[in-house]
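Engineer: I'd like to ask some things about the structure below.
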Amino acid sequence: MPRKRDKISMSMRTAQLAALCLALLFVLCSTTLLLLGMSMHNLNPGTIHNDHTIISPGLPPSSNNATGRNLSPDRCAILFFGVPRCLKDIGYAFIKRHILDANPQCDVFVHTYNVTKVVGSRAGEEVGGSIDINDIYLLLSKQEVGNNETKLDTYLAMDTEELFQNTHNLEYYRKLIPTPSAWKEDSMDNMVRQWHSIQQAWKLMRDEEGKKGWKYSRVGLFRPDVLYTHPISIANPIEKAVVPKMMYTNTMWGGTNDRMFYGTREFASIWATERFSSLGSYLDHQKGNPEYAAKRGLHSEDFLHFLLTKKYAVPLMIKPICFKRIRSSGMIMHNDCRLVGTGDDTDKTRHVLDGVIGETQMHSKQKNVTHSVTSNLEKDIPNKDRDPRGDSKGNVQTEVAAEHHSGHNGLASAHRICVIVRTHPHQADLLPITLLSLTQQSYTTSAQHNSYNNDEGDVALSIFVVNTDPINYAEFAFMQNAANDANRRVGHAAVTVLGPSFHTTELPPVKNVFGYDVTDRVLDMLLLTENHPKYHEDPKCTHFMFTNGDNFYPQNLLESILPAMKIGKQLIAWDFITHHKRKSNVISVEIKRRFVDLGAVLVTREAILNTEEGVSIISETESDAQVMGRMMHKRFLPNGIQTSDIFARDYFFFKEIYDQVGKENVEIIHQVLFVHQ
């Protein structure tokens with residue numbers, strides 16, 4: 001018995017000793033972890049934001065903090081937020097190329113609003129434009145959601161306007177409209193909609209993280225209603241928090257661009273989820289602050305600057321990223337990139353975006369420079385470094401966008417002829433011939449410039465192609481292919497295609513008016529961008545020509561009409577060959593019915609405008625729609641589709657100009673310079 005008790009006692013002591021060792025080991029490990037955690041957070045109390053990331057005041061969140069425990073280093077997410085304005089017609093091709101294809105490993109989440117129309121005070125949205133909400137599914141093509149309800153619920157959220165307004169008290173925010181500013185109530189409403197959409201897109205991603213048990217390491221947040229102009233990869237680990245450079249000139253309000261963000265998850269979380277909860281501290285920040293002595297209210301970019309640099313010290317990297325907003329009417333905001341230049345980042349690529357969208361690779365012996373086909377293209381590459389054929393392989397890669405724009409290549413010219421080419425799908429085989437006959441005129445002084453020989457080299461062409469078919473007006477590829485070929489051959493973007501977005505749902509081409517309704521609208525567009533003060537940097541169309549996509553011009557056209565242009569003739573007409581049955585198909589031109597043709601006349605801008613005074617009083621504060629609504633210029637259909645004698649509208653248009661300018665300002669050239677096929 002004693003021996004048995006000794007064994008039991010010894011076993012108990014051994015167990016107690018083992019338990020004591022385990023307890024000491026637990027305390028030691030706990031203390032080590034505690035000290036490590038305190039070191040990580042600098043022993044300072046922190047602010048916990050929505051995703052429970054502890055952020056020390058005045059310091060950026062540590063990359064090793066709590067959110068890092070379950071981060072998956074090879075996982076990234078792209079979040080789209082907002083309404084898909086003209087997504088299918090304009091934006092998606094650029095989103096696919098520059099966002100989705102540039103980040104093929106990323107999952108995509110989308111939040112939008114179930115709306116069919118957007119109306120607002122912004123330029124291009126005064127009368128509103130239709131929204132096809134089904135376009136939004138294009139963004140989820142990588143996930144192949146199809147009709148899979150589970151996948152749709154995972155990657156897409158769509159709120160109604162009613163739900164949005166029940167969630168947010170818009171009257172409260174409207175009382176915070178910033179002063180001074182041009183903001184209106186709908187401006188503030190749209191800002192709140194943006195905040196809500198960003199936050200809901202983030203919630204979709206966070207819910208998926210919860211299901212998977214890990215977190216994305218990098219996140220990019222993008223709008224679906226903009227035209228991205230170059231690839232944006234979110235993968236670079238050095239880039240912790242990237243925002244675009246400001247796209248407008250700061251006046252009294254400064255700020256940080258609020259249209260896009262990408263970086264690490266922790267900083268993306270601040271950008272995406274801290275807005276509503278930080279409004280109070282932003283307004284408190286303004287009180288008694290001399291910085292805000294002459295301004296008050298909630299200004300979106302100023303607020304974001306406060307959030308990212310004052311409340312949280314986010315290590316922002318501001319990059320010269322360019323994208324242009326697309327309005328629901330199809331209007332593209334070309335001025336959005338005026339201030340975007342070369343920035344302080346490792347990517348030395350400069351994106352100049354004042355002209356036609358599309359990338360052209362031009363070879364330089366100093367470096368390879370990626371340019372958009374733009375107004376500054378020729379100025380940015382020294383003449384001696386240009387390969388007139390395009391890149392080192394002889395390719396000029398141009399994808400002409402379906403957009404409203406003057407299409408100028410920005411070359412300094414005393415005379416710029418803007419040619420409106422009206423076409424339709426049945427002319428697909430002939431359109432390339434028309435464009436080549438215009439772009440390959442004789443004795444060009446430079447293959448890039450498309451400028452023509454005289455002492456000053458001062459004539460240039462800008463060509464605009466538009467589909468006037470009242471049924472198949474959305475067909476676009478045949479025009480783009482012809483334009484790309486012409487641009488490749490001439491070495492720059494001489495041709496702009498006005499794609500399906502040019503025809504809004506409310507304004508498709510009308511039957512039985514021979515395309516003159518569309519011709520008037522292209523004139524509206526060009527004269528607006530030429531004369532509105534906010535487009536003052538764009539070179540003007542000094543002359544206009546009108547033609548069809550099955551016509552042909554000899555190479556000596558510009559050579560023949562240039563002398564009359566130089567002495568200021570306001571209407572220049574020339575002989576032509578017609579396809580109509582006549583005694584002779586060669587027509588000796590006269591400003592008489594049956595003796596003048598749409599494609600055989602050049603007129604000056606001043607001759608089309610009724611009065612110069614009607615243009616000079618345009619104010620910078622006027623919207624595009626207001627200017628277009630009262631701009632006085634001659635039209636092919638002065639009474640709209642109710643105009644009589646439609647077939648001969650070209651004659652009546654030129655006759656009105658002829659009568660106004662007088663014979664002394666008219667040049668008749670008896671030389672065949674046009675073939676009406």
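Engineer: Rounded to the nearest 0.05, what FRET efficiency do Asn148 and Gln677 give with R0 = 56 Å and r taken as the Cβ-Cβ distance? Could you check?
Structural biologist: Computed FRET efficiency for Asn148 and Gln677: 0.60.
Engineer: For the stretch 209-292, what is the relative contact order in percent, using Cα pairs closer than 8 Å and at least 6 residues apart in sequence? Don't skip to the answer; put the middle values down first.
Structural biologist: On the way: 70 pairs, mean separation 26.5, N = 84.
Relative contact order comes out at 31 percent.
Engineer: Taking the Cα-to-Cβ direction at Lys310 and at Ile668 and moving 7 Å from each Cα, how far apart do the two end points lie in nm?
Structural biologist: Those two pseudo-labels are separated by 7.3 nm.
Engineer: Which value in nm describes the separation of the simple spin-label points at Val119 and Asn512, placed 7 Å from the Cα toward the beta carbon?
Structural biologist: 3.0 nm
Engineer: Separate question: Give me the extension gain from Arg296 to Arg593: residue separation times 0.36 nm, minus the current Cα-Cα distance, reported in nm with one decimal.
Structural biologist: Extending this stretch completely gives an extra 100.5 nm.
Engineer: Sorting Arg594, Arg521 by accessible area (1.4 Å probe), largest first, what list results? Can you show the working numbers first?
Structural biologist: Working: Arg594 145, Arg521 40 Å².
Sorted descending by solvent-accessible area, the residues read Arg594, Arg521.
Engineer: With a 1.4 Å probe and every protein chain left in place, work out the accessible area per residue of the stretch 158-245 in Å², rounded to a whole number.
Structural biologist: Dividing the accessible area of the stretch 158-245 by its residue count gives 42 Å².
Engineer: Does the stretch 246-295 come out rounded, prolate or oblate, given a ≥ b ≥ c as the square roots of the eigenvalues of its C-alpha gyration tensor, rounded meaning a/c under 1.5 and, failing that, prolate meaning a/b above b/c?
Structural biologist: oblate
Engineer: Using the Karplus curve 6.51 cos²θ - 1.76 cosθ + 1.60 with θ = phi - 60°, work out ³J(HN,Hα) for each residue of the stretch 310-325 in order, rounded to whole Hz, and write x for Gly and Pro.
Structural biologist: 9, 6, 10, 8, 6, x, 5, 10, 9, 10, x, 8, 10, 8, 10, 5
Engineer: I've got another one for you. What per residue convex hull volume, in Å³, comes out for the stretch 150-206 when only alpha-carbon positions are used?
Structural biologist: Cα convex hull per residue, to the nearest whole number: 89 Å³.
Engineer: Please list, ordered by chain and number, the residues whose modelled amide H lies under 5 Å from the amide H of Leu79; skip anything fewer than 5 residues away on the same chain.
Structural biologist: Phe109, Gly220, Leu221, Phe222
Engineer: Follow-up question, since we're still on this one. For the stretch 255-335, what class follows from the C-alpha gyration tensor (a ≥ b ≥ c being the square roots of its eigenvalues): rounded when a/c is under 1.5, otherwise prolate if a/b is larger than b/c, else oblate?
Structural biologist: It comes out oblate by the Cα gyration axes.
Engineer: Arg97 to Ala182: extension gain in nm, 0.36 nm per residue of separation minus the Cα-Cα distance?
Structural biologist: Computed gain between Arg97 and Ala182 is 27.1 nm.
Engineer: Rounded to the nearest 0.05, what FRET efficiency is calculated for Gln286 and Gln165 with R0 set to 25 Å and r the Cβ-Cβ distance?
Structural biologist: 0.40
Engineer: When a/c is below 1.5 the answer is rounded, else prolate if a/b is larger than b/c, else oblate, so apply that to the stretch 157-255 with a ≥ b ≥ c taken from the square roots of the Cα gyration tensor eigenvalues. Write down the numbers at each step before the final one.
Structural biologist: Working: a/c = 2.37, a/b = 1.24, b/c = 1.91.
Oblate, because a/c is 1.5 or more while a/b does not exceed b/c.
Engineer: Moving to a separate point now. Rolling a 1.4 angstrom probe over the protein chains, ignoring ligands and nucleic acids, what is the accessible area of Asp101 in square angstrom, nearest 10?
Structural biologist: Surface open to solvent at Asp101 totals about 80 Å².
The values are calculated or read from the model by the stated rules, or taken from the named source; none is laboratory data. Values in this document were obtained by computation on a predicted structure and should not be read as measured data. Methodologically, a virtual Cβ is constructed for each residue, glycine included, from the backbone with ideal geometry; neighbour enumeration extends over all protein chains shown. To get the accessible areas, we keep the full protein, side chains included, count just its heavy atoms, and leave off ligands, DNA and RNA. Shrake-Rupley method; radii C 1.70, N 1.55, O 1.52, S 1.80 Å.
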